[in-house]
């Protein structure tokens, strides 16, 4: 829509108007916002279209398409016409002595289909306030109806009708947080009855005799390696040491999720599984994702499997075969168990472990060589993940910081080989691309770090510059922190229908996602495409490729939404914790000084809470002692004051 509206501001031939925008043109015509001259349709100069921004005091500002000066247009709160921040709107310019102003005439596209709001009393009236902005909303409910609800009631609002869709709970209840986070991004935990029925119809067991055309790999000692609380097992591995052949078996979701079925429509609408600290919101019903699709131990399962033969000297794939297979995973390991084995602890080893360990140890050593070679043309960043620990009421009681371990690296490198092999099977379809960061952003980072004593040379080769910067940050003991800043300079990885430049971070010329079809819709598309190619189904190939651009764009959007949903939930837990700790002091590290209000992250028993530092003169990576002074469980903002600096000893 944005590109079409931008074209209208410059003028577009009536004959070139796409059919999908005819209704939009009719709406604009009814408002007399369009002029047509000599077959060219153009937006009238009295009107502007653009994205609405709304300040905390309720004043609107228009970021107009195709007219930079229109950013000066202000919109009084009484002229917003129930438009919200992020909406694409049509405004009419108001000419007055008070400056450039405008009035919202039409909401062309809502930024969000739904909003989450809460009730609050002010001056004898019950207000409904947007939970993200705390700005009042106009909804289709009477004061009488709102007074029947407890103050602090959390509501899900349909932004198109302004009606209440659902009462989610009350702000004082920590369990409402997951409903708020899901509501903000219009996500649902539950599936339609038809989707559930479709999923359960596949039963619980796989019988080999029913699949005579599949490659039988049930004799191979596959294993899975996952977190201890995992319930859905996407991938299993086996390594033939003698032939240096890696088997990567992936849950064959496409056999069970038929294209355009009710099950497929829901999976496509969700796009990704969402992971909260206490539960997951799956992309597929649990009767599939945690049962018949899951590569559980000691049962036969359908698996779409790559057999990758690797050259022991060059470490490159000699042959990459993909097959519809049957496997029988013989062990389900946790990362902790494999890390213990790698450290030489075999105290809990069983007979089957000896067989599997006979190939896992050589595989790990082989993949370390593969990784070393990959990193000659790629990047590796020190990363930590904060895991929240909640009590039975979903209150945050502790956190633990997890870093990548040898077992994580083993699985990651095996999956990278399979993903790369999948991308080699087609020229258009679904790729995972990651653009090269600009030299300007890298230079800007180098200049910022020089201010705190980290000096790194800039090279024509960005990879070389990054490695030099990492080396210097290692010397200062700030590798993890600097790596996060380097990541911020890079473009966001996305899904694209064509291989647009490969994957910069991994150093791969071609890459896709193949290994998690239980959790990612993109991978399911890749499975369907490769299967169509395998059997030469030209009609199916044409259908998938023809829709690839649209699907790639949509799954990229859904990926961001799913991530934001999980982050929002974490922020809400931190805000509730901070609310209970106002007046207490904590250690924090300053991570951003680029804006007017610096930010820091709390460290200690509760790690990862972001706080805004008021009235503080701090430098990047300063360790400070902060006192929490405010915490908002609506907007999730935590405000702190610096009460002292912690000098390095």
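Hey, can you tell me all the residues within region 631-649 that are assigned to a strand (DSSP E or B) and either free of Cβ contacts under 8 Å to residues at least 12 places away in the same chain or closer than 24 Å to residue 178 by Cβ (or both)?
Taking region 631-649 first, the residues assigned to a strand (DSSP E or B) are 631, 638-645.
Passing the criteria: 631, 638.
Of these, 15, 19, which one is touching a residue at least 24 places away in the same chain (Cβ under 8 Å), farther than 29 Å from residue 137 by Cβ and loosely packed, with under 14 Cβ neighbours inside 10 Å? Spell out the reasoning first.
Details: 19 fails: touching a residue at least 24 places away in the same chain (Cβ under 8 Å).
Selected residue: 15, the only one of 15, 19 that is touching a residue at least 24 places away in the same chain (Cβ under 8 Å), farther than 29 Å from residue 137 by Cβ and loosely packed, with under 14 Cβ neighbours inside 10 Å.
On the stretch given as region 392-414, residues that are surrounded by 16 or more Cβ atoms within 10 Å (Cβ to Cβ), under 24 Å from residue 577 (Cα atoms) and without any contact (Cβ under 8 Å) to a residue 60 or more places away in the chain total 0. Could you tell me whether residue 575 is assigned by TED's automatic domain parsing to the domain that holds residue 427 and touching a residue at least 40 places away in the same chain (Cβ under 8 Å)? When the stated conditions are applied, residue 575 does not pass them. Criterion applied to 162, 181 was being in contact (Cβ under 8 Å) with a residue 60 or more places away in the chain, crowded, with 18+ Cβ neighbours inside 10 Å and not assigned by TED's automatic domain parsing to the domain that holds residue 298, and the one residue passing it is 181.
Kindly indicate the residue of region 189-218 that is part of a loop (DSSP other than H, G, I, E, B) and without any contact (Cβ under 8 Å) to a residue 60 or more places away in the chain and also nearest to residue 337 (Cα to Cα) among those meeting that condition. So the residue we want is 190. Considering only residues in region 40-58 that are out of contact with any strand residue (DSSP E or B) (no Cβ under 6 Å at 6 or more places or on another chain) and not in a strand (DSSP E or B), the one that is surrounded by the fewest Cβ atoms within 10 Å (Cβ to Cβ) turns out to be 57. Residue check: residue 217 meets all listed conditions (1) in the same structural domain as residue 365 (by TED's automatic domain parsing); (2) over 28 Å from residue 541 (Cα atoms); (3) at pLDDT 95 or above but one, namely (2). Any chance region 325-345 includes a residue that's part of a loop (DSSP other than H, G, I, E, B), under 22 Å from residue 419 (Cα atoms), touching a residue at least 40 places away in the same chain (Cβ under 8 Å) and in contact with a strand residue (DSSP E or B) (Cβ under 7 Å, 6 or more places away or on another chain)? Yes, because at least one residue in region 325-345 is part of a loop (DSSP other than H, G, I, E, B), under 22 Å from residue 419 (Cα atoms), touching a residue at least 40 places away in the same chain (Cβ under 8 Å) and in contact with a strand residue (DSSP E or B) (Cβ under 7 Å, 6 or more places away or on another chain). Taking the condition in a helix (DSSP H, G or I) and either more than 25 Å from the chain's Cα centre (by Cα) or under 30 Å from residue 547 (Cβ atoms) (or both), does residue 472 pass? Considered against the rule, which asks whether it is in a helix (DSSP H, G or I) and either more than 25 Å from the chain's Cα centre (by Cα) or under 30 Å from residue 547 (Cβ atoms) (or both), residue 472 comes out as yes.
Yes/no matrix, rows are residues, columns are (1) outside the structural domain of residue 466 (by TED's automatic domain parsing); (2) over 30 Å from residue 604 (Cα atoms); (3) surrounded by fewer than 19 Cβ atoms within 10 Å (Cβ to Cβ):
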| site | (1), (2), (3) |
| --- | --- |
| 334 | yes, no, yes |
| 338 | yes, no, no |
| 346 | yes, yes, yes |
| 364 | yes, yes, no |
| 387 | yes, no, yes |
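If you go through region 66-87 and keep only what is over 15 Å from residue 107 (Cβ atoms), modelled with pLDDT under 90 and assigned to a loop (DSSP other than H, G, I, E, B), you end up with 66, 67, 73.
The values are calculated or read from the model by the stated rules, or taken from the named source; none is laboratory data. Please read all numbers here as calculations on a predicted model, not as lab measurements. Ideal geometry is used to build each Cβ from the backbone, glycine not excepted, and the neighbour counts take in all protein chains shown.
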